[in-house]
Amino acid sequence: RVHPGETQASFALEGMVGFLLSDHPRAKEIRKGMIVYVVPMLNPDGVIQGNHRTDLCGMDMNRRWSQPSPWIHPTIYAVKNLSYLIKEERNIDVFCDIHGHFQAHGGFMYCCSYDKEKGNGVPKPDYEKDSMLRVIPQLLSEKNEFFSFKYSTFTMEAYKAGSAR
C-alpha cells in the first residue's frame, strides 16, 4: 500500500498472489510464460503509524514517482530503479499499482494515455497505444461482475502527474 488507509489494496494483492501460486490452470500458464514481481507495501511506516494517505514526512508518496528521493521516498525510488533494471532485459507488459477507493464500489482502473508529438511539439493522441491500455480493463469487466470498465479512467489529470500510472 502506498496509501496506508487503503486496506482493501492489501486484501486484493493477497488474493492475486494466492491465485498466482495456486494450482489453477491459468495460474500455471502465467507462471510458465511471465515473471511477476510483487512489492507488498510501499509505505510500511505510514501504515504502522496509522496515517491515511501519507508517509512519516506527511507526503503523499503516490505523487512522488516522477522524482523520488532515495532518502525521503526510498521504497518508491527502489521500485522505480528496479523497473529500469528490468526494462534493460525485457519489456514490462503490465505495471499494476493497487489502491482502494473510499467512496467507489467494485473494481476499476486508472490508466495513462499515450501522446505522440506532432511536428510542432503539440501532443497528439496515440490511439493505437491508448487502445491497448483498455484491453485489460475490458477483459476484467467481461470476466468479473465486480469490475467495471465504465468507471475506469484513461486520462491523467495534471494534479496526479507524479503518480505511478
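Summary table
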{"quantity": "Residue identified as over 25 Å from N43 (Cβ atoms), at pLDDT 80 or above and part of a helix (DSSP H, G or I) among L82, L140", "calculated": "L140"}
{"quantity": "Filter pass, S131 being under 20 Å from M16 (Cα atoms) and at pLDDT below 85", "calculated": "no"}
{"quantity": "Long-range neighbours under 7 Å by Cβ, at least six apart or interchain, first residue over 12 Å from I136 (Cα atoms) within region 98-115, second at pLDDT below 75 and basic (K, R)", "calculated": "C112/R165; Y114/K129; D115/K124"}
{"quantity": "Matching residues, region 57-79, being under 17 Å from P40 (Cα atoms) and small (G, A, S)", "calculated": "A78"}
{"quantity": "Residue match in region 32-47 (condition: within 23 Å of K80 (Cα to Cα), over 18 Å from the mean Cα position of the chain (by Cα) and among the β-branched types (V, I, T))", "calculated": "yes"}
{"quantity": "Some residue of region 35-57 being touching a Leu at 6+ places or on another chain (Cβ under 8 Å) and modelled with pLDDT under 90", "calculated": "yes"}
{"quantity": "Complete set of residues in region 57-71 that are outside any helix (DSSP H, G or I), polar (S, T, N, Q), touching a residue at least 60 places away in the same chain (Cβ under 8 Å) and open to solvent by less than 90 Å² (accessible area, probe 1.4 Å)", "calculated": "S66"}
{"quantity": "Unmet criterion (only one of (1) at pLDDT below 75; (2) under 30 Å from H52 (Cα atoms); (3) touching a helix residue (DSSP H, G or I) at 6+ places or on another chain (Cβ under 7 Å)) for F154", "calculated": "(1)"}
{"quantity": "Among residues of region 10-56, those that are open to solvent by 70 Å² or more (accessible area, probe 1.4 Å) and touching a Gly at 6+ places or on another chain (Cβ under 7 Å), counted", "calculated": "3"}
{"quantity": "Selection count, region 85-112, where residues are surrounded by 14 or more Cβ atoms within 10 Å (Cβ to Cβ) and either small (G, A, S) or in a loop (DSSP other than H, G, I, E, B) (or both)", "calculated": "10"}
{"quantity": "Within region 36-48, tally of residues that are under 15 Å from V94 (Cα atoms) and touching a residue at least 40 places away in the same chain (Cβ under 8 Å)", "calculated": "2"}
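The values are calculated or read from the model by the stated rules, or taken from the named source; none is laboratory data. Bear in mind the structure is a predicted one, so any value in this text is a computation, not a measurement. Glycine gets a Cβ as well: all are built from the backbone with ideal geometry, and neighbour counts include every protein chain shown. To get the accessible areas, we keep the full protein, side chains included, count just its heavy atoms, and leave off ligands, DNA and RNA. Shrake-Rupley method; radii C 1.70, N 1.55, O 1.52, S 1.80 Å.
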